[in-house]
Amino acid sequence: MTVYLLRRLFQSLLVLVAMSVIVFVGVYAVGDPVEILISPDADQFERERAIRALGLDLPLWQQYLVFVKNALQGDLGRSFVFSEPALQLILQKMPATLELAFGAMFISILIGLPLGLYAGLKPDSPGAKVIMAGSILGFSLPTFWVGLMLIMVFAVQLGWLPSTGRGETLWGWSFLTANGLSHLLLPAINLALFKISLVIRLTRSGVRETMLMDYVKFARAKGLSPARVTYVHVFKNILIPVVTVVGLELGSTIAFSVVTESVFAWPGMGKLIIDSINVLDRPVIVAYLMIIVLMFIVINLIVDILYSVLDPRVRLEGQA
Amino acid sequence: MSDVTLDKAPVAPKEETPFRRFVSEFMASKIAVGGLLVFSIIVVVALLAPWIAPQNPYDLGQIDIMDGRLEPGEVGGSGITHWLGTDDQGRDMLSGIMYGLRISLTVGAGSALIACLVGASLGLLAAYAGGRTDTVIMRLVDLQLSFPTILAALMILAFLGKGIMNVVIALVIVEWAYYARTVRGSALVERRREYIEAAQCLALPTRRILFRHLLPNCLPPLIVVGTIQVARAIALEATLSFLGLGVPITEPSLGLLIANGYEYMLSGKYWISFYPGVALLVTIVSINLMGDHLRDVLNPRLKK
C-alpha cells in the first residue's frame, strides 16, 4: 500500500511539473505582453525599464526557473494589469466560485435525487419518461444559452431575480444575505443543470439495480411497508455512490463555472481567467491554470487512493 | 460470377446483411428517425445557405445599419422581411443563422472526424501492440480524461489564440482520448478471436490486420461515440466562441451570434440571442437522439 501510494504521489508530481512547463511555455507563446501593457507613446528608455521590471528580458528558461522558484514560495507573479500578486488576486475570487459550485451541487442533489428516485421506482410511468427526456435535454442544452434564457425570463421579463453580480455579501459570502442569495440563485441553477441530469440518471439506474437485490426482496418478504423499503433500504444504499460521484464532480463544476460566471458577471475565478486571457495578463493565466491543475491532481489522487482502499484488486496491480 | 441466372434466382426476401439489419433496426425508432430527419434538414439548409438565405450577412453592401435591431417580422429598408429580426449591425438573423450553421457544423464534424482518425489509430495500436506502447497511450488518455474538456480547450486556445483552425486543433486534442479508449476496449476483445489469429498465420502486414480486420469489427461502438462527440464538439465550439476565444468575428458561428445578442437581451431585445440558440439546441438534440438510439441498436448486450 505504501509503495503504491508513493508511486502515485510521484506520478502526480511528474504530471504537475510537466503541466507547469506546458502552461508556462504555452502562455509565453501567446503574443507579446509588451505591446499591450506599455503605452505606444513610451520612449525607448521607458520601454526597456518596463520590460526589465516585468522580467520579460530574460531568456525563457530563466524566466521559467524564476517562476518555479517563486511558485514554491507561494509567489506566482504579479498581475500586469492590477499590479497585485496573481495568487492573491485568484484567492480573493475563490470564495465566489466555491460558493457558486457548492450551491450548484446542493441544488443538483436537491432536485436530481427525488426525480431520479421516482423514475427508478416507476420506470414505465409517463412521469418517468418525461423526467428521462428532460435529462437528455439537460445534457444537450448549452450551459451559456440556458443562462441567457434564465436571465431573459426571470430577470428581464418577470423581474423576479437580479441578472448579474453577487449582491450584498456578509464576510465575503453572498448566501448569508437575502439579497446575495437572490443573486446566487440563477447562476447556481444554471451551473446545476448538467449535474441534475447526471444525478437523475445515476439515481435511476442505482434504484433499478438495488430493487433486484436479495436484501430488498427479503425486506419486502418480511412484510415491511413499501415506503420503508424505499426510503430506508433502497435510498440509503444508493445515496453513497450518488453523493460520491457528485463530490468527485466538484472539479469539473468549478471548471464549468467559467461559462456561468461569464454569463452572469459573477465575480469569481472563472470570470477573472477569461478577462485575463483577453488582455494577455500572463501571470494570472499561469497562476489560475497551476491552481486548477493542482486541484485536479489532488482530486484524482484522492479518488485513486479511495478506490485502492475499497478495491484490493487495484492495489495488487499497482505492486505487480 | 459468370452464372447470371444465379442473380435472377427467385430469392424473394433480400439477403440479410448486417448493414441492412442495422438500417431496419434504426428505422424502428420514430424518435431516432425524427432526429435523423431534422438533422438532415439542418445540413441541407447549411449547405444551401448561399442560395436560399435572404441576404449574404458577410456582404457589407447588402446590410444597412439603419435596419439594426428590427423585431422579428419587420420589413427592412431593402424590402426584405426579417422573419427572425436583425442584429445590431442590421444583419438578417435568419441568414446569419444559416451561415453560422455552416461554420458550427464544419468545425464540429471536422474536429470529430480528425479526432476519430487520431484516436482510433492510437487505440488500435495500444490494443494490438500491448505492453509499453499500451501503457504510454493509456496514461495519456487517462491524463486527458481527468481534466474537464472546457478547461483543456480553454488552456489550448489561450496558447493558440482565436481562429477556426485553432478551435479545430483544440477540439481534436480534447476529444481524441474518447475514441482511443473506446476502440482499445473493443479491440482488446476482438484481437483474441480466431480470424485475427488466422490473419497473423497468413503473415499479413500489421497495418493490414489493424485496419482491414480489427478496425471494421470495432466500428459499432466507435459510431456511437462519434455521433455523440459531434454534438459535444458543436456545443463546445459554441461555448468557446461565446466566451470570445473561439471563431473570429468575421466568421460568426452560432455561439458568436448568441454572444453578440448578450448585451441587447437585458433591454428586452431577445431575438438576437434566442434564435441562434434555438438552432444550436435543435442541432445538438437531433444528433443526441440519433446517438442515443444508435447505442441501443449497436449494443449486443441489449439484444434479446
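FYI, it's all coordinate maths here, none of it is from the lab. Bear in mind that the values here come from a model prediction, so they are computed numbers and not experimental data. Don't worry about glycine lacking a Cβ; one is built from the backbone with ideal geometry, like all the others, and counts go over all protein chains shown.
When each pair of different Cα atoms in region A:88-142 is counted once in the 1/r mean, what is the Kirkwood radius in angstroms, to one decimal?
Averaging 1/r across every pair of different Cα atoms and inverting gives 13.3 Å.
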Take each uninterrupted DSSP H stretch in chain B, measure its Cα extent along the helix axis, and return the ones at 30 Å or beyond whose mean Kyte-Doolittle hydropathy is at least -1.0.
B:30-52, B:93-129, B:164-190, B:215-242, B:271-298
Within 10 Å, count the other beta carbons around each residue, average over each peptide in B:156-167, B:97-108, and list them highest first.
B:97-108, B:156-167
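For A:283-292, what's the mean count of beta carbons from other chains sitting within 10 Å of each residue's beta carbon?
If you average over the peptide's residues, the count of other-chain Cβ atoms is 2.
Let me spell out the model: positive unit charges on the Cβ of Lys and Arg, negative unit charges on the Cβ of Asp and Glu, origin at the Cα centre of region A:87-311. What dipole size does that give, in debye rounded to 20? Working shown, then result.
Details: 15 positive and 11 negative charges, 162 e Å.
Charge dipole of region A:87-311: 780 debye, to the nearest 20.
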Report, to one decimal in Å, the Kirkwood hydrodynamic radius for the protein assembly as shown based on all distinct Cα pairs.
27.4
Cα gyration tensor shape of chain A, rounded if a/c is under 1.5, else prolate or oblate by comparing a/b with b/c:
oblate
Could you pull out the chymotrypsin sites (Phe, Trp or Tyr not before Pro) across region A:165-261 that fall in loop regions by DSSP (anything but H, G, I, E, B) with no more than 16 other Cβ atoms inside 10 Å?
A:TRP171
Using θ = phi - 60° and the Karplus form 6.51 cos²θ - 1.76 cosθ + 1.60, what ³J(HN,Hα) does each residue of region A:146-152 get, whole Hz, x for Gly and Pro?
4, x, 4, 5, 4, 4, 4
Just going by the charge dipole of the protein assembly as shown, with Lys and Arg at +1 and Asp and Glu at -1 on Cβ, which of A:ASN190, B:VAL23, B:SER253 is farthest out on the positive end?
B:VAL23
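Give me the inter-chain shielding for A:254-264: mean count of other chain Cβ atoms within 10 Å, whole number please.
Numbers: counts 2, 7, 5, 1, 6, 6, 0, 0, 6, 4, 0.
Mean partner-chain Cβ count within 10 Å for A:254-264: 3.
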Helix A:269-278 vs. chain A, principal-axis angle (Cα, 0 to 90°, nearest 10):
40
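Residue by residue through A:241-253, how many Cβ atoms from other chains fall within 10 Å of the Cβ on average? Please list the in-between numbers first.
Details: counts 0, 0, 0, 0, 0, 0, 0, 0, 1, 0, 4, 5, 1.
Mean partner-chain Cβ count within 10 Å for A:241-253: 1.
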Considering only A:VAL81, B:LEU204, A:LEU158, whose Cα is most displaced toward the positive end of the charge dipole of the protein assembly as shown, charges sitting on Cβ of Lys, Arg (+1) and Asp, Glu (-1)?
B:LEU204
Could you give the dipole magnitude of the protein assembly as shown about its Cα centre, charging the beta-carbon of Lys and Arg +1 and that of Asp and Glu -1, in debye to the nearest 20?
2880
